[in-house]
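Once you've had a glance at the structure underneath, I'll fire off some questions.
Laboratory data are not the source of any read-out in this text; all were calculated from the coordinates shown. The structure displayed is predicted, hence computed values, not measured ones. Virtual Cβ from ideal backbone geometry, glycine too; neighbours counted across all protein chains shown.
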Amino acid sequence: MSDAASGPALHPALHTRFCDLVGCRYPIVQTGMGWVSGASLTAATSCAGGFGILAAVTMTADQLAEAIGAVKERTAHAFGVNLRADQPDLADRIELCVREGVRLVSFAGAPTKDAIAELHGAGVLVMPTVGARRHAEKMAEWGVDAVIAQGAEGGGHTGVVPTSLLLPQVVDAVGSEIPVLAAGGFYDGRGLVAALAWGADGVAMGTRFLLTRESRVPDAIKRPLVVFGRAPFAFYVAHLYVIHTLAVIFGVMQGFDAREFLTYSFFFPKGYGVGLPGTYAVWLLVVAALYPLCEWVAAVKSRRQEWWLSYL
Ligand SMILES: Cc1cc2nc3c(=O)[nH]c(=O)nc-3n(C[C@H](O)[C@H](O)[C@H](O)COP(=O)(O)O)c2cc1C
């Protein structure tokens with residue numbers, strides 16, 4: 001894989017504490033996105049000078065081991081793995097990351113104190129995603145190495161506080177102790193400059209990487225988004241409603257995980273710039289068509305989720 005991680009001198013503002021911490025050239029993280037960031041995307045990001053993170057929440061332990069091996073075959077640069085504290089085999093996954101010399105483990109939400117201790121004991125960095133100032137303070141108290149401050153623009157999973165309000169709060173609260181990465185709505189150079197101006201140490205982006213060649217999003221979904229990206233919203237609704245509904249039905253019949261398709265369906269409206277109301281309108285259509293399936297997904301999720309607040 002070609003390596004753009006070295007090159008002409010950068011403006012000093014682009015070399016932040018985070019670059020030194022994880023050993024990357026640009027203060028740009030490609031986040032662990034379930035079903036999207038596999039070995040190719042992670043390796044390509046780290047090779048290009050950013051910091052790639054493997055999405056392991058949606059991988060089995062065996063798949064994770066294979067993906068880590070595949071990243072290491074493609075690049076010698078540092079990369080990370082994304083986990084959740086409530087995964088039943090978390091200890092095994094941590095052991096695997098330690099054994100494989102993974103540089104950093106990011107957490108969707110809060111890690112446990114035990115997980116932090118175990119990872120730190122082996123020299124692995126820990127970086128949770130936070131959606132409120134208090135969460136950042138708590139994580140800094142627990143000794144994490146960096147935080148991703150993710151505003152509601154990042155999909156709403158970490159709370160409703162917009163990036164523009166959350167980021168300065170988190171920077172003020174913990175920025176003197178640990179690097180803070182800005183997430184939720186960043187997708188280009190001016191966003192990076194804005195994040196740095198807010199006092200962040202870089203950006204962590206998800207959606208921006210969905211349509212890259214290396215992302216695991218199927219070409220059948222990427223292609224219409226690229227082709228119709230600027231078409232009227234009606235095109236999008238027609239495409240999503242008909243094609244994605246069929247994709248889910250046939251996918252389930254063929255034994256694929258329905259949540260994978262639902263994830264794609266949910267996040268793609270952002271690529272059309274329809275904003276949150278448009279996103280929810282589309283999502284409602286899909287939910288109406290797939291209501292029984294969604295009920296099952298919700299039941300599975302509620303059994304598994306351990307919310308932030310239970311740590312506070
Ligand atoms: C398709 C998709 C899947 C995601 N899956 C995960 C995940 O498994 N774990 C996680 O911590 N964050 C996940 N996220 C959130 C991203 O890691 C990231 O924080 C967010 O996308 C940042 O906002 P942006 O998309 O506006 O750049 C996901 C995001 C997307 C778009």
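Give the long-range amide H neighbours of Ser106: residues separated by 5 or more places, or on another chain, with amide H under 5 Å away, using H modelled in the peptide plane at 1.01 Å from N.
Result for Ser106 returns Val81, Asn82, Leu83, Met127.
If you don't mind, another one. Return the sequence-ordered ³J(HN,Hα) values of the stretch 111-125 in whole Hz as given by the Karplus equation 6.51 cos²θ - 1.76 cosθ + 1.60 applied to θ = phi - 60°, using x for Gly and Pro.
Computed from phi, the couplings for the stretch 111-125 are x, 8, 4, 4, 4, 4, 4, 5, 5, 5, x, 9, x, 8, 6 Hz.
Here is a further query. So how far, in whole Å, is the C-alpha centre of the stretch 71-93 from the one of the stretch 125-156?
Centre-to-centre (Cα) distance: 18 Å.
Also: Return Ile28, Ile221, Ile148 ranked ascending by Cβ neighbour count within 10 Å, so the fewest neighbours appear first.
By the 10 Å Cβ count, ascending, the order reads Ile221, Ile28, Ile148.
Per residue of the stretch 26-42, in order, report the coupling 6.51 cos²θ - 1.76 cosθ + 1.60 (Karplus, θ = phi - 60°) as ³J(HN,Hα) in whole Hz, putting x for Gly and Pro.
With coefficients 6.51, -1.76 and 1.60, one gets 10, x, 10, 10, 9, 6, x, 10, x, 6, 9, 8, x, 4, 4, 5, 4 Hz.
If you take the beta carbon distance between Val160 and Arg17 as r and set R0 to 35 Å, what does 1/(1 + (r/R0)^6) give as a FRET efficiency, to the nearest 0.05?
So the FRET efficiency works out to roughly 0.75.
Enumerate the amide H contacts of Val130 below 5 Å, restricted to partners 5 or more residues apart or on another chain; note that Pro and chain-start residues carry no placed amide H.
It is Ile148, Ala149, Gln150, by chain and number.
Between Val226 and Glu100, what is 0.36 nm times their sequence separation minus the Cα-Cα distance? Round to one decimal in nm.
Here the segment from Val226 to Glu100 would lengthen by 41.7 nm.
Taking H placed 1.01 Å from N in the peptide plane, check which residues at least 5 places from Phe51 or on another chain put their amide H under 5 Å from its amide H.
Hits under the 5 Å cutoff: Ile28, Val29, Gln30.
Tell me, Val180, Val57 in order of fewest to most beta-carbon neighbours within 10 Å?
Result, fewest neighbours first: Val57, Val180.
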